[in-house]
Structures are given as C-alpha cells and as structure tokens.
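Undergrad: Sharing a structure with you now.
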Amino acid sequence: MPLNCSSLAARVPHVSGSGRVINKFTPNHVGSLFFIHHQNPSKYIVSLSNFNQSCSSSTMEDQRNLRVAASEPEKYYKELDVAVRAVQMACALCQRVQDSLISKTNGQVQSKDDNSPVTVADWSVQATVSWLLSKSFGRKNVSIIAEEDVQKLSEADASGLLAAVVNTVNECLAEAPRFGLEGPNMALGASEVLEAISHCNSTGGPTGRFWTLDPVDGTLGFVRGDQYAVALALIEDGEVVLGVLGCPNYPMRKEWLSYHHRYHRIITKLTPPTSESWDKGFVTYATKGSGKAWMQPLLHANKKLVWPNSARPVQVSSIDDPASATFCEPVEKANSSHSFTAGLAHTMGLRKQPLRVYSMVKYAAIARGDAEIFMKFARAGYKEKIWDHAAGVVIIEEAGGVVTDARGHPLDFSKGIYLEGLDRGIIASAGAKLHEKIISAVDASWDSSSL
Ligand SMILES: Nc1ncnc2c1ncn2[C@@H]1O[C@H](COP(=O)(O)OS(=O)(=O)O)[C@@H](OP(=O)(O)O)[C@H]1O
Ligand SMILES: [Mg+2]
C-alpha cells in the first residue's frame with residue numbers, strides 16, 4: 001500500500017523521553033549504565049560521561065525498575081557487541097590499506113569482471129569479519145551474505161595478491177584482543193583465509209538468520225582516498241534486526257563532507273588533531289525497535305576498546321522544511337540519475353546543492369542529522385543488493401528517520417540477495433513530512449522521466 005502521512009508516522013520509531021536506568025555489573029561492563037526504552041526493553045550501555053546528559057531525569061522508581069529489567073533477556077546484545085568490535089577492526093584494516101594505496105601505487109587495485117576496482121581491503125575485511133563471527137558464535141551458526149567471492153584470488157597468477165590478503169588478515173586479527181575479541185592462536189594460512197571468504201555464501205531468504213556484509217562499500221571512494229563504509233547487518237526472518245556502519249573518513253565537521261577527502265587530509269596535516277581528539281571516523285549502530293541509534297569513535301592506535309567506547313546517541317535532523325534541507329545522493333551518475341533528482345529538488349523546493357558522497361556514509365549522514373534526505377534512482381534493470389542498504393536502514397529508522405522505496409513501500413530484505421520488488425528508487429529522510437513530499441514529487445514526475 002502506498003505511503004501516506006499516518007502510515008509513515010507509524011513507521012517512525014517512537015522515542016520516549018522516559019527511559020529507565022540500570023546498573024549492570026559484568027566483567028566487560030563494570031559500572032556501565034543501561035538505558036532501557038519503555039516499549040522495548042533492549043538495553044543500551046551509556047558511557048559514564050554521557051550518562052548525566054542522557055538520563056538525568058532518572059527517579060527512585062527508575063532505580064527500582066533497573067533491578068527488574070536487569071533480569072530481562074538482552075536481545076541481540078552479544079551480536080551487537082561482536083559486530084561493533086568486528087567493524088572497528090575492519091575500519092582499522094581499511095585505514096591501513098587506504099593509506100598505503102594512496103601513498104604508493106603498489107598494484108593493490110584489481111579489476112573485477114565488472115571492472116569495478118576491488119582491493120586487498122575488500123577480501124581482507126570479508127575474511128576477518130567472517131572469521132570473527134564464526135569464532136564468536138560457532139561456524140555452523142553463522143550464515144553470511146557478502147559481496148566478494150574467492151574466484152579471482154584462487155587463480156594461478158594471484159598468489160601475490162592472496163599473500164597480501166593473508167598478511168593483511170593476520171595483521172588485523174593479531175589486534176583482536178585490543179578490540180575485546182579473541183584472535184587465532186596462530187596466524188591463519190591461505191586456505192583458512194579463503195575458507196573464511198567463501199563461507200559468506202548464504203543466499204538469504206524469508207526465514208532464519210543471516211548476516212549481510214559489504215566489506216568496503218563505496219569501493220570507488222575508497223580507492224580515490226575518499227569516503228567509504230564497512231557495513232554489517234543481521235537479518236532475521238526477513239527483517240533487519242541490527243545494523244553497524246563503520247565510516248572511517250567521516251569528518252567531524254560536517255561541512256568537510258562536501259569536499260573531497262584529500263582536502264581534509266591536507267588541512268589535518270596543517271593543524272594536526274591532538275591524539276585524544278575525535279577528528280574523523282566513527283562506527284554507528286542500532287538494533288531494531290530500540291528507538292535509539294549510537295555512534296562511537298574509531299579506536300585510537302594502541303588503545304584498548306572499553307565498551308561502550310564513549311558511545312553517544314545519534315538522531316535525525318528536525319528540519320522538515322525543504323528550503324532548509326540538504327539532500328545527498330551517489331557521486332556517480334551511473335549509479336543514480338542526477339538529472340532526475342535535480343528535477344525533484346526543483347519541484348520540492350530543495351534549495352541547497354546536493355551533497356554527493358560515496359557509499360553508505362550517506363545513510364550515516366541522515367542518521368546523524370547532517371543531511372535530511374538521501375535519494376537513489378538507479379537505471380532501469382539495476383537490482384539493488386541487500387548489503388548496500390541493510391545496516392543503513394535500521395540505523396536511520398532507529399535514529400527517527402524513514403526509509404522506503406520511491407513509492408513509499410518498505411524495503412524487502414526477505415527475497416535473497418537483491419531488494420526484489422523495489423519500486424523506482426530508494427528514499428531515506430529525516431521524517432514523515434519530508435518523506436511524503438518526496439514521494440509525491442516522484443509520483444508527479446515519474447511518467448515524464450526517462451527512468
Ligand atoms: N549501475 C549501478 N547503479 C546503481 N548502483 C550500483 C550500480 N553499480 C554498482 N552499484 C552499487 O552501488 C554502490 C555504490 O553506491 P553509492 O551510493 O555509494 O554510489 S557512489 O559510489 O557514490 O556513486 C556499489 O557498492 P560498492 O560496490 O560496494 O561500491 C554497488 O553495489
Ligand atoms: Mg556496496
């Protein structure tokens with residue numbers, strides 16, 4: 001059924017101001033404070049420094065409720081914990097590879113059959129995350145759909161490339177304890193790395209549980225030294241129940257998003273951040289139905305990840321006037337029609353220049369309130385893959401936003417690796433009012449478009 005204002009409102013998660021607070025004492029989380037959403041008692045750890053801000057209205061009754069809530073099951077808590085730590089590790093891996101790609105042309109950019117560039121980072125992240133999930137939950141309990149396969153890596157002339165991947169994976173896994181995860185007892189061999197990559201061969205579907213992973217989303221941005229994301233999500237019975245997005249180059253000053261990351265690098269060199277400052281990059285995450293989305297900074301070199309790693313909540317923007325709203329879209333016109341979105345912007349009264357950013361960083365920008373709208377209109381016949389959207393959708397929804405196809409239907413993650421049935425395009429927005437306007441504008445101009 002097409003979307004109207006009331007159905008949209010129903011889909012926007014209700015965030016109650018009156019959470020309950022508990023103390024929970026576990027080896028990992030001594031003295032952490034949990035925020036409990038009234039309608040959904042999933043627990044969220046809030047760092048002590050954020051506690052006063054987030055939960056200062058707690059009462060005696062709240063304190064009593066804590067003890068009750070402490071015995072409630074923590075749905076997806078372990079999955080979220082492992083997923084965030086694994087994505088943190090993947091971000092560190094990607095940063096190292098991107099730095100070396102940029103500093104020298106060392107042959108790490110390969111060409112896939114579709115000619116899109118793929119680097120050592122894609123395979124290495126996939127192997128690392130797959131290995132960590134299997135280690136944490138047991139190999140037989142872990143199904144993963146991910147972007148890469150081992151075909152190219154297994155070719156006879158790819159031994160150098162495979163060695164680089166194995167080396168990168170082992171370098172990363174050796175750091176697992178620093179991120180609070182268990183690493184291998186000894187370095188993985190090539191066959192174990194290939195096995196971890198090819199274990200990501202799930203085909204998804206309407207039942208059961210599987211992970212989706214885009215090891216390096218926005219490969220073009222990655223090889224160009226610009227924005228990219230690591231995207232991990234958990235899908236259960238066709239619903240995205242947990243999403244984690246690592247955005248290593250996301251600048252803390254949002255105006256830097258509009259520039260090529262190269263400029264940010266130059267400026268950072270001119271005015272180096274202090275070692276403790278949160279200069280760029282974060283991991284953002286949410287679990288379905290919680291009404292909260294979070295972000296935590298990337299782990300500084302040599303530091304140990306102590307959960308929740310200074311996490312703080314993120315929320316979508318409250319701007320609902322198109323004249324003040326920023327819309328973002330893919331950088332490449334081959335991936336989304338810039339002329340169609342320009343027409344929509346004109347119709348809707350969006351006055352600002354589009355923010356063109358590589359990868360699912362666009363979803364993070366909406367969730368953080370740095371932009372209000374994301375639109376993607378791929379050419380007819382292109383089928384969107386679930387790993388390109390799953391994590392971003394749940395994070396935006398829990399941050400208070402809305403994501404649908406361009407007819408207003410929810411995205412369907414239950415049909416295998418593609419978003420089957422996706423109509424016209426993808427729209428994410430900060431709220432129902434803006435969303436409704438975009439969908440009406442699409443309706444009005446669709447027939448006369450060439451899409
Ligand atoms: N022709 C076409 N149309 C639409 N989408 C396509 C197309 N080809 C690829 N892809 C998928 O889009 C992912 C990149 O999307 P972005 O929004 O990041 O685009 S852009 O890089 O900013 O231009 C990109 O993800 P990555 O491969 O991880 O980079 C692809 O999954
Ligand atoms: Mg992708």
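The values are calculated or read from the model by the stated rules, or taken from the named source; none is laboratory data. Since we're looking at a predicted model, the values are computed, not measured. Positions of Cβ are generated from backbone atoms using ideal geometry, with glycine treated the same way; all protein chains shown enter the neighbour counts.
Undergrad: Would a scan of region 182-201 turn up a residue that is under 22 Å from the mean Cα position of the chain (by Cα) and either basic (Lys, Arg) or within 16 Å of ligand 1 (Cβ to nearest atom) (or both)?
TA: Taking every residue of region 182-201 in turn, at least one turns out to be under 22 Å from the mean Cα position of the chain (by Cα) and either basic (Lys, Arg) or within 16 Å of ligand 1 (Cβ to nearest atom) (or both).
Undergrad: Do we have Ser136 as of a type in the set (Gly, Ala, Ser) and in contact (Cβ under 8 Å) with a residue 60 or more places away in the chain here?
TA: Taking the combined requirement at face value, the residue does not satisfy it.
Undergrad: While we're looking at this one, here's another question. Return the pair list, or none, for Cβ contacts closer than 8 Å from residues in region 337-364 that are within 16 Å of ligand 2 (Cβ to nearest atom) to residues that are assigned to a loop (DSSP other than H, G, I, E, B) and among the hydroxyl-bearing types (Ser, Thr, Tyr), at least 6 apart or on different chains.
TA: Tyr358/Tyr228; Ser359/Tyr228; Val361/Tyr228
Undergrad: Answer with yes or no whether Gly238 is within 13 Å of ligand 2 (Cβ to nearest atom), in the same structural domain as Gly281 (by TED's automatic domain parsing) and not β-branched (Val, Ile, Thr).
TA: no
Undergrad: Name the residue that is nearest to Tyr228 (Cα to Cα), counting only residues in region 387-412 that are within 16 Å of ligand 2 (Cβ to nearest atom) and assigned to a loop (DSSP other than H, G, I, E, B).
TA: If we take residues in region 387-412 being within 16 Å of ligand 2 (Cβ to nearest atom) and assigned to a loop (DSSP other than H, G, I, E, B), then His389 is nearest to Tyr228 (Cα to Cα).
Undergrad: Would you mention how many residues in region 365-380 are within 17 Å of Ser336 (Cα to Cα), modelled with pLDDT of 95 or more and of a type outside the set (D, E, K, R)?
TA: Result for region 365-380: 5.
Undergrad: Next question, about the same structure. Quick check on my filter: what residues within region 290-304 are in contact (Cβ under 8 Å) with a residue 60 or more places away in the chain and either crowded, with 19+ Cβ neighbours inside 10 Å or outside the structural domain of Pro177 (by TED's automatic domain parsing) (or both)?
TA: The answer is Ser290, Gly291, Lys292, Ala293, Trp294, Met295, Gln296, Leu298, Leu299.
Undergrad: Return yes when Met375 is more than 16 Å from ligand 2 (Cβ to nearest atom) and among the hydrophobic types (A, V, I, L, M, F, W, C) and no when it is not. Please lay out each step first, then the result.
TA: Working: more than 16 Å from ligand 2 (Cβ to nearest atom): yes; among the hydrophobic types (A, V, I, L, M, F, W, C): yes.
Criteria met by Met375.
Undergrad: In addition: For region 191-225, what are the residues that are within 24 Å of Asn167 (Cα to Cα) and part of a loop (DSSP other than H, G, I, E, B)?
TA: If the condition is that a residue be within 24 Å of Asn167 (Cα to Cα) and part of a loop (DSSP other than H, G, I, E, B), then His199, Cys200, Gly218, Arg224, Gly225 are the ones that fit.
Undergrad: Could I ask something else about it? Which condition number does Gly218 fail, the rest of (1) small (Gly, Ala, Ser); (2) within 16 Å of ligand 2 (Cβ to nearest atom); (3) in contact with a Leu (Cβ under 7 Å, 6 or more places away or on another chain) being met?
TA: (3)
Undergrad: Condition first: crowded, with 24+ Cβ neighbours inside 10 Å and hydroxyl-bearing (Ser, Thr, Tyr). Can you find one or more residues in region 359-371 that meet it?
TA: yes
Undergrad: Moving on to the next point. Can you pull out every residue in region 385-434 that is among the hydroxyl-bearing types (Ser, Thr, Tyr) and either within 23 Å of Asp122 (Cα to Cα) or not assigned by TED's automatic domain parsing to the domain that holds Glu372 (or both)?
TA: Residue satisfying the conditions is Tyr418 alone.
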